[in-house]
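The values are calculated or read from the model by the stated rules, or taken from the named source; none is laboratory data. Since this is a predicted model, take the numbers as computed values, not measurements. With ideal geometry, Cβ positions are generated from the backbone for all residues, glycine too; neighbour counts draw on all protein chains shown.
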Amino acid sequence: MEKKSLEILIKNTNEFNITHILECGQVFRFKKHDFGYIVYASDKKMEVICQKNSTKIFCDDIEFVKNYFDMSTNYANIKKKLMVHNFMQKPIKEVYGIRILKQLPLEMLISFIISANNNIPRIKKTLEKICEKYGTNMGDYYAFPTIQQLANIPIEFFKKAGAGYRDKYLYETIKMLSNGYNLGRLYNLKTEDARKELIKFKGVGRKVADCILLFGFGKTDVFPTDTWVVKVYKELYGKNLPANKVSEHFEKLFGENGGYAQQYLYYERMIRNKKEKINDNNQKNCTTCGC
DNA sequence: GCCCAGGCACATG
DNA sequence: CATGTGCATGGG
């Protein structure tokens, strides 16, 4: 019983670049293929075909796709506002076309608890194992587990899946959820109040809460600060500041567009590090040119 | 072996 | 309020 697959065609512009959207660290359940990507979100699967001038997305629910990729927001307008600040120009030019995906709050809560002091490949692997074992079988993929399904997971499984010491944070958080905590209520709270609520969960501090607020609840006035953004601040202002102070600084500077600015700064800094590493390795391995 | 990764909980000044 | 420490685990 194959479901009918519908198609949406999106022109590649400075406001839509599928690689930058997926690789900028806001989403973990996707796989790269030679034709493009397959993206899994809540209980949906999206097949992304990359072409020269456009991107095709196949899914059985086109309205879901439009909402997921935030297609009703005017990104050109947002970028214009961000580029008032000179230091934003390079990141926006380098990693153009980022959009903030509208993801499932439950999936963000679990994903970003796992993300703390972790690396992206391992975060991906851990989430994949959880979905494969406990998510609903959708035929050729697995949905993200519901609260009821998550509540069936023994704590040992989280460690086996690679969550490490975060196993107890996941277990405690899921217990709170299955005892009736209403995550959806946070949509209607002001950012500051919603953040206080999220920090009540084990394994959720300021940074993890801000990622959930931005990627799960669409609160674009938050500016999540991780180790890379701390480096960005150091490079811009010449001094180190604790992460919460860095967040406060940029949230004041960018206001309602802080989340968009953060994605550009975070991703550009991370890409730059990756390039530097490759250069270092090339130098080490180079035995012929004497460089 | 070392250091680091989309930090947090917890203990202590 | 601020600062310091331990933490599972895999990759470079």
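Would a scan of the range A:125-139 turn up a residue that is under 18 Å from A:Val204 (Cβ atoms), within 15 Å of DNA strand B (Cβ to nearest atom), assigned by TED's automatic domain parsing to the domain that holds A:Gly205 and at pLDDT 95 or above?
yes
Listed here are the residues, each with its yes/no results for (1) free of Cβ contacts under 8 Å to residues at least 40 places away in the same chain; (2) more than 12 Å from DNA strand B (Cβ to nearest atom).
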site: A:Gln89; (1), (2): yes, yes
site: A:Ile100; (1), (2): no, no
site: A:Asn119; (1), (2): yes, no
site: A:Ala151; (1), (2): yes, yes
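Does A:Asn244 qualify as being within 15 Å of DNA strand C (Cβ to nearest atom) and over 15 Å from A:Ile114 (Cα atoms)?
It is true that A:Asn244 is within 15 Å of DNA strand C (Cβ to nearest atom) and over 15 Å from A:Ile114 (Cα atoms).
Yes/no per residue for (1) crowded, with 22+ Cβ neighbours inside 10 Å; (2) touching a residue at least 60 places away in the same chain (Cβ under 8 Å); (3) of a type in the set (S, T, N, Q):
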residue	(1), (2), (3)
A:Thr191	no, no, yes
A:Leu198	yes, yes, no
A:Trp228	no, no, no
A:Lys239	no, no, no
A:Glu256	no, no, no
A:Gln263	yes, yes, yes
A:Asn273	no, no, yes
A:Lys277	no, no, no
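So A:Thr220 clears everything in (1) of a type outside the set (Lys, Arg); (2) within 24 Å of A:His20 (Cβ to Cβ); (3) free of Cβ contacts under 8 Å to residues at least 24 places away in the same chain; (4) not in a helix (DSSP H, G or I) except one condition, right? Which one?
In the conditions (1) of a type outside the set (Lys, Arg); (2) within 24 Å of A:His20 (Cβ to Cβ); (3) free of Cβ contacts under 8 Å to residues at least 24 places away in the same chain; (4) not in a helix (DSSP H, G or I), A:Thr220 misses (3) alone.
Among residues belonging to the range A:126-144 that are under 19 Å from A:Tyr171 (Cα atoms) and β-branched (Val, Ile, Thr), point out the one that is farthest from DNA strand C (Cβ to nearest atom).
Top of the filtered list is A:Ile130.
Starting from residues that are of a type in the set (S, T, N, Q) and at pLDDT 95 or above, keep the ones in the range A:238-291 and report whichever is nearest to A:Val95 (Cα to Cα).
A:Gln263
All but one of (1) closer than 16 Å to A:Lys133 by Cα; (2) more than 15 Å from DNA strand B (Cβ to nearest atom) hold for A:Ala163; which doesn't?
(2)
Determine, yes or no, whether A:Ile123 is within 16 Å of DNA strand C (Cβ to nearest atom) and crowded, with 18+ Cβ neighbours inside 10 Å.
The answer is yes for A:Ile123.
Taking the range A:37-84 as the region of interest, how many residues are surrounded by fewer than 13 Cβ atoms within 10 Å (Cβ to Cβ) and out of contact with any Lys or Arg (no Cβ under 9 Å at 6 or more places or on another chain)?
The number of residues fulfilling the criteria is 8.
What helices (runs of 4 or more DSSP H) completely inside the range A:99-174 contain at least 3 residues that are basic (Lys, Arg)?
A:120-134
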